[in-house]
Structures are given as structure tokens and as C-alpha cells.
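Shown next, in C-alpha cells, is the structure this report addresses.
All of the numbers you see were taken from the coordinates with simple rules; none came from a lab. Every value quoted in this text rests on a predicted model; they were computed, and no experiment measured them. Glycine gets a Cβ as well: all are built from the backbone with ideal geometry, and neighbour counts include every protein chain shown.
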Amino acid sequence: MISRNFDRFFKFSIGCVFFLFSTQTLVSQEIEFLDCEGEWADSQLCKEREEAFEFKARVDLILEDLPKLENPPWDTAQHKTALSDYEKAMDYYNDAYFGDATTVFESVLDSLLSLKSEFEESTAKTEELAFSLLEEDRYSEAIPHLQNLELWMPSSSRVLEGVTHARHGIELEKLVTRMEELIENHAYEDVEAELADFPAGYWQQRVSALRLSVSNFRNEQSFNALMSRGLEDLDASRWQSAHDSFEAALKLSPHSVVAKESLDQARAHITKTNLATLRETLSNQESAEQWEEMLQTLAAIEQWSASEETEASKLKVKHLLSTETQLTEAISKASVPMSKQVRSEIQALIASTEELDSHDRINLQRSRLKEEFDRNTKRVSITVISDSETNVMIRPGQALGKFSKMVLSVYPGSYDFIGRRKGYHETRESITIEPDSNEVEIRIVCDVRF
């Protein structure tokens, strides 16, 4: 019995020793025979190895992104510690201590991410500063920052162009200084020639000041030439030419008192000349009774010099035109037949326009109207013969009653004479009285019984 138990204990001990020996050997060989895609896939060891591998891969990617720099824009001590920790993590990883490796890899990852963020932030700030200095033409100050960027970002075409731009700007400074000296010596033409070939985008503020000096010089030359030409034209009474020269000079120098006063003088002469011409034209038009043209001339006069006299002249001409139109329209109304109201209106118009009869155009239309009106309102005598038994009526008009003979005085037009008598048929006679007709006789008698 004891012998059997001892045998069992011995065999169990040997098995444990063998198991421990086998596990240690497996770990030391980086678990070469561990199948993490097979039956060991869900084991704790495989899960730890997978997690460590993922952290290692992320760290490796960041290490590839961070450039190898002699003068990096980050905390070098922190970077050195991170690299040392990375080596320690790799030792754990290679010895299959995946849990420890993961812990160290995670710490290294945080440190490297911080360094990467610091690198990107420093690079962005340096780039912004460098190109801001370039914009301000501070090329010498920009060079050190651009050179650092050249080390940190060797593949950036913008940085390379910035370096070239800064160096060229430094080279051009001597030329800019020389042009400024030429300006002080009033050698504007020489500066203008140099500026024609000066490259764009360099020393913008100083070059802008140089261009302004040259422009002011040219403006002054042009101003003086225009003023001289204008004064010559003014002396020669060439008012419009003088006006144009002074106006152009004032545009070049808006605050010039001399140019403004000279321009006002030229304008005064032009106004005086044009008004004289227009008034002469107006006088000729008035004599010829060209009233429509007079209104246009008066409008032109108003543009040069508005006055109460001009406004009164406009009203007078408009009244003449209106009167002429009224007379012309009245002629067409003065026809047969003519109502009592129309006759009254025409009579009033003829009377009210008598004072304007001195104007030929008014006189012509008024005479035509008066002639037509008189002709069409001249009464004609009608002798009506009846039998003293017939009731006679005239239309338009009134009942005339019974009579044997009656003489009527009527206006030209068409009339109906109607006779009525009890027991007799009605009789009717129509008659048209033309203007200038002689005396007319008509017989109205009811003599046909029913």
C-alpha cells in the first residue's frame, strides 16, 4: 500500500517538474509553437501578445513620422527617455512578457504623441512667423526661421521658395537703398527706369513709397504743363480749351486753389459766351414765332443760368402755344350744326384772344375761326306759308301755331316743319339751310282728310 502511494506521488512530482520545464522553454523561445489562430486563440497569453503587438505597431509608425533632427523643436530629454523605454519594451516583447511590454509601449506612445504634437505646433508657429516676416520685408530676420524649417521640413516646396525669396530680398536691398538716395537727389527719371525692371513682391512698402514719389513727380509735371496751356488758352479767349486744361489739372491736384479759380474763370467766360449766343438765337426765334424751338432754347438757357425772367418767358411761350391749339381745335367745332353752348364758347374764345392778334400765328388761326364761325352762324330768313287752320311746329325749335304767313330767322342747319289739323293727315317738310343761303319759302298746310 505504501509502495503504491509513493509511486503515485513520484509520478505526480515528475509530471509537475516536466510541465514547469516545458512552459519555461516555450516562453524563452517566444512561444514559437503557440498557435494563436487555432486552439490557443482565446488564451490569455495570445490576447496579451495581440495587445502588445498593436501598441508596438502604433509606436513604430510615430517613430517613422518623427524626423531625425540634430536640433529638434521638442524636449530632447523626453525624446531620449522615450527611445530608451522603447528598447526596454522591445526586450519584454522579445522575451514574451507581453503584459509588461504593453505597459511600457503605452507609456512610450503617450510620450511620442506629446513630442509629435509639440513638433507640429512648433513647426506651424515657426512657419507662420517666418512668412509673416517675409510679408513685412524683414528678410534677414526670416532667414534663421526658414533654415530651421528647411531642416524640419526638407520636402516642403513652400519653405524652399521662402528661403529663395528671403535671400533674393536681401540681395535687392542695396538697389532699393540706392533708389531712395536717387529720390533724395530728385533723379526721378532714373528711379522710374529702375522700377520698371524691379521684381514684384519684394520690399513692397519701400518700393511703394518710391513709386508714389515718382508718380507725384509726374503728376506735378503734368499739372504744371496743363496750367501753362490753360493760361495760354485763357489769354487767347479759347475758353473751352482753357476749361479742359484746368479741369484736368484740378483732377491731378484736387486741393489746388489756383487750378480751381482758373477753372471758375474759364467757366464764367463759357457761360457768358453761350448765354449770348442762346439769347441771340432766342430773339431770332421769337421774331419768326418759332415757339417750339424757343422752349428748347429757354431750357438750354436755364441750364447755364436759371432766372425769373427765363421762367416768365417760358410761361408766355407756353400760353401762346396753348392758345393756338385752342383756336385750331375750335375751327373744327365751328361747323353746322352748332349747339348753343359751342357758339358761346367760340364767341368767348374769339373775344379773349383779341389782345394776342398781333402774333401772326394767333392772328391766322383766330381769323380762320372767326370767318368760319361768322359764316356758320349767319341767320337765313325762312318764309312759312300756311292756311291759318294748321298747327305748325319746327324741329329743332318750338310750336309756331296757326297763321297764314310767318317769317323766321334761323341758323344754317337741317330743320323739320310739321303741320297738324284735326281730321286731316299730318304733313311734314324737311329743309337744309346751307351757310350763305338766300331767303327760303316753304308751305305747310294739312289739306288731305282721313
Cα to Cα, under 17 Å, and not fewer than 8 places away if on the same chain: which aspartates and glutamates meet these conditions relative to LYS422?
-> ASP387, GLU389, ASP447
Straight distance only, please: which aspartates and glutamates reach the Cα of LYS378 with their own Cα at less than 14 Å, same-chain residues fewer than 8 apart left out?
-> GLU434, ASP436, GLU439
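For segment 78-223, take the alpha-carbon Rg, divide it by the Kirkwood Rh, and send me Rg/Rh.
Rounded to two decimals, Rg/Rh equals 1.37.
Given the -39500 (n - 2.57) contribution per DSSP H run of 4+ residues, what per-residue ellipticity at 222 nm results for the chain, rounded to the nearest 500 deg cm²/dmol?
Details: 14 runs with 305 residues, N = 450.
About -23500 deg cm²/dmol.
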Entries of LYS272/LYS318; LYS47/LYS80; LYS47/LYS116; LYS56/LYS80; LYS80/LYS116 with Cα pairs more than 19 Å apart | LYS272/LYS318; LYS47/LYS80; LYS47/LYS116
Lys/Arg Cβ at +1, Asp/Glu Cβ at -1, dipole of the chain taken about the Cα centre: which of THR353, ALA299, SER117 is farthest positive-ward?
-> THR353
log₁₀ I(q)/I(0) of segment 378-443 at q = 0.20 Å⁻¹, via Debye over equal Cα point scatterers, no solvent, to two decimals?
-> -0.75
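Can you compute the charge dipole magnitude of the chain about its Cα centre, using +1 on each Lys and Arg Cβ and -1 on each Asp and Glu Cβ, nothing else charged? Give it in debye, rounded to the nearest 20. All intermediate terms of the calculation are to be shown ahead of the outcome.
Working: 49 positive and 81 negative charges, 964 e Å.
So the magnitude is around 4620 debye.
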Between ALA196 and SER237, what is the label-to-label distance in nm when each label sits 7 Å out along the Cα-to-Cβ direction?
-> 4.5
In the chain, with Lys and Arg counted as +1 and Asp and Glu as -1 at Cβ, which of these residues, SER245, THR328, TRP203, has the Cα nearest the positive end of the dipole, that is, farthest along it?
-> THR328
Sorting THR277, THR123 on the 10 Å Cβ count, fewest up front, what's the list?
-> THR277, THR123
In segment 169-287, taking the dipole from +1 charges on Lys and Arg beta carbons and -1 charges on Asp and Glu beta carbons about the Cα centre, the listed residue (SER213, SER228, ALA193) farthest towards the positive end is SER228
Take the Cα atoms of segment 169-287, find their three principal axes, and give me the spread along each one in whole Å, biggest first.
-> 82, 25, 21
Rg to Rh ratio, segment 329-429, alpha-carbon atoms and Kirkwood radius?
-> 1.19
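Work out the FRET efficiency for SER114 and HIS168 from their Cβ-Cβ distance, taking R0 = 30 Å, and round it to the nearest 0.05. If you can, show how the numbers build up before the last one.
Values: r = 38 Å, r/R0 = 1.28.
FRET efficiency, SER114 to HIS168: 0.20.
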Relative contact order %, segment 292-439, counting alpha carbon pairs below 8 Å whose residues are six or more apart = 18
Determine Rg/Rh for the chain; Rg is computed over alpha-carbon atoms and Rh is the Kirkwood hydrodynamic estimate from the same atoms.
-> 1.61
Relative contact order for the chain, counting Cα pairs under 8 Å that sit 6 or more residues apart, in percent = 6
